[in-house]
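What follows is a short report on a single structure.
The values are calculated or read from the model by the stated rules, or taken from the named source; none is laboratory data. As the structure is a computational prediction, the values presented were derived from the model and not from experiment. Backbone-built Cβ (ideal geometry, glycine too); neighbour counts: all protein chains shown. Quick note on the areas: whole protein, heavy atoms, side chains included, nothing else; ligands and nucleic acids left out. Shrake-Rupley method; radii C 1.70, N 1.55, O 1.52, S 1.80 Å.
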Amino acid sequence: MQIVILKDAKEVAAYGADIFAAQLIHNPQSVLGLATGSTPVALYQDLIARNRNAEVSFKNVRTFNLDEYLGLTGSHRQSYRHFMNEQLFNHIDIDKHNTHVPQGDAPDPFVACDDYEQAIASAGGIDLQLLGIGRNGHIGFNEPSSGLTSRTRIKTLTKATIEDNARFFSADEFQPYLSITMGIGTILDARKVVLLATGENKADAIRATVEGPLSAACPASALQLHRNAVIVIDEAAASKLADIEFYKHIEAQNQKLLKRLGK
Ligand code: PGA
């Protein structure tokens, strides 16, 4: 894993946006894996600005989101489809037909899960997958105990995740407790993975991801198996890592080498 430790959330978003922009410039037909939550919002704003400057285009891009609440239609204001439209898709030159979010109101959600896997495979797989991380180490809605080779399926949300997400729902509003999510195996199949985390409340999950055992107790620890995973975190999220100075040293050496090679 490449561990990148930056000053604050602003730098984390800019670093993440640079990776996405480089991918889009390298391959304008990229297949992107996208995420919801508060962490990616600043990255999306950065990409919107770069799209307006004609630095990147989404015209030939296809996207697959990690997850969706089971039981919500895409037009529900708490659905992740709605979130993606509002935070990104409505503001860039993407064809919405090329944007995919699991169908929360599918007549048969089991079939919808298999269809989602099929659609990703038909698109040629995901080139670059964006991830946030839950306080409990979840990626997508793969909660602790998720199979490390799991595929897109229905998952029950933990109490902690329901509580973390309650801030988005009003008191009298139905808050789903089930989801459709890409599996950990689905995520590991992406050719490159970028996980962003900021703030002290993510520090335990980041420590378990980077330095903990490979374990279903921390689903993000599965990224230890990935050959091209980048963990981009701020100082606060990095604060519980055992060897921050070593990770910074490695990254400085990496950058020096790339510069020497003119990359
Ligand atoms: P957050 O959510 O970005 O809102 O912290 C991350 C997640 O739960 O995956």
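Scan region 194-217 for residues that are open to solvent by less than 10 Å² (accessible area, probe 1.4 Å) and either assigned to a helix (DSSP H, G or I) or over 18 Å from residue 6 (Cα atoms) (or both) and jot them down.
Correct list: 203, 205, 206, 209.
Please work out which residue is surrounded by the most Cβ atoms within 10 Å (Cβ to Cβ), limiting yourself to region 34-51 and to residues that are among the polar types (S, T, N, Q) and within 8 Å of the ligand (Cβ to nearest atom).
Kept after step one, since they are among the polar types (S, T, N, Q), are these residues of region 34-51: 36, 38-39, 45, 51.
Still in the list and also within 8 Å of the ligand (Cβ to nearest atom): 36, 38-39.
Numbers: 36: 26, 38: 12, 39: 24.
The extreme case among them is 36.
What number of residues within region 58-97 are polar (S, T, N, Q) and surrounded by 16 or more Cβ atoms within 10 Å (Cβ to Cβ)?
The number of residues fulfilling the criteria is 6.
Can you pull out the residues in region 155-188 that are touching a residue at least 12 places away in the same chain (Cβ under 8 Å), assigned to a helix (DSSP H, G or I) and small (Gly, Ala, Ser)?
Of everything in region 155-188, those that are touching a residue at least 12 places away in the same chain (Cβ under 8 Å), assigned to a helix (DSSP H, G or I) and small (Gly, Ala, Ser) turn out to be 160, 185.
Within region 1-19, can you find the residues that are touching a helix residue (DSSP H, G or I) at 6+ places or on another chain (Cβ under 8 Å), not in a strand (DSSP E or B) and not aliphatic (A, V, I, L, M)?
7, 8, 10, 16
Here are some conditions: (1) open to solvent by 30 Å² or more (accessible area, probe 1.4 Å); (2) closer than 21 Å to residue 39 by Cα; (3) of a type outside the set (Lys, Arg). Residue 172 meets all but one. Which one does it not meet?
Result: residue 172 fails condition (2) only.
Just to be sure I understand the filter: pairs with C-beta atoms under 8 Å, separated by 6 or more residues or on different chains, first member in region 196-210 and small (Gly, Ala, Ser), second member in a helix (DSSP H, G or I) and more than 13 Å from the ligand (Cβ to nearest atom). Which pairs pass?
Hits for this filter: 203/238; 208/221.
Look through region 225-263, keep the residues that are among the small types (Gly, Ala, Ser) and not in a helix (DSSP H, G or I), and return whichever of them is nearest to residue 40 (Cα to Cα).
229
What about residue 239, is it away from the ligand (no atom under 13 Å from the Cβ), hydroxyl-bearing (Ser, Thr, Tyr) and exposed (fewer than 13 other Cβ atoms within 10 Å of the Cβ)?
Spelling it out, it is not the case that residue 239 is away from the ligand (no atom under 13 Å from the Cβ), hydroxyl-bearing (Ser, Thr, Tyr) and exposed (fewer than 13 other Cβ atoms within 10 Å of the Cβ).
Within region 85-131, restricting attention to residues that are out of contact with any strand residue (DSSP E or B) (no Cβ under 6 Å at 6 or more places or on another chain) and within 16 Å of the ligand (Cβ to nearest atom), which residue is farthest from residue 190 (Cα to Cα)?
Among those residues, the one meeting the criterion is 86.
Considering region 135-151 alone, what residues qualify as being assigned to a loop (DSSP other than H, G, I, E, B) and either within 10 Å of the ligand (Cβ to nearest atom) or open to solvent by less than 10 Å² (accessible area, probe 1.4 Å) (or both)? Show your work before the answer.
Our first condition is that a residue be assigned to a loop (DSSP other than H, G, I, E, B); within region 135-151, this holds for 135-138, 140-141, 143-151.
Answer for region 135-151, where residues must be assigned to a loop (DSSP other than H, G, I, E, B) and either within 10 Å of the ligand (Cβ to nearest atom) or open to solvent by less than 10 Å² (accessible area, probe 1.4 Å) (or both): 135, 136, 137, 138, 140, 141, 143, 146.
Collect the residues in region 172-220 that are closer than 25 Å to residue 115 by Cβ and among the acidic types (Asp, Glu), keeping them in residue-number order.
189
Criterion first (in contact with a strand residue (DSSP E or B) (Cβ under 6 Å, 6 or more places away or on another chain), within 16 Å of the ligand (Cβ to nearest atom), under 29 Å from residue 103 (Cα atoms) and of a type in the set (S, T, N, Q)) does residue 221 satisfy it?
Criteria not met by residue 221.
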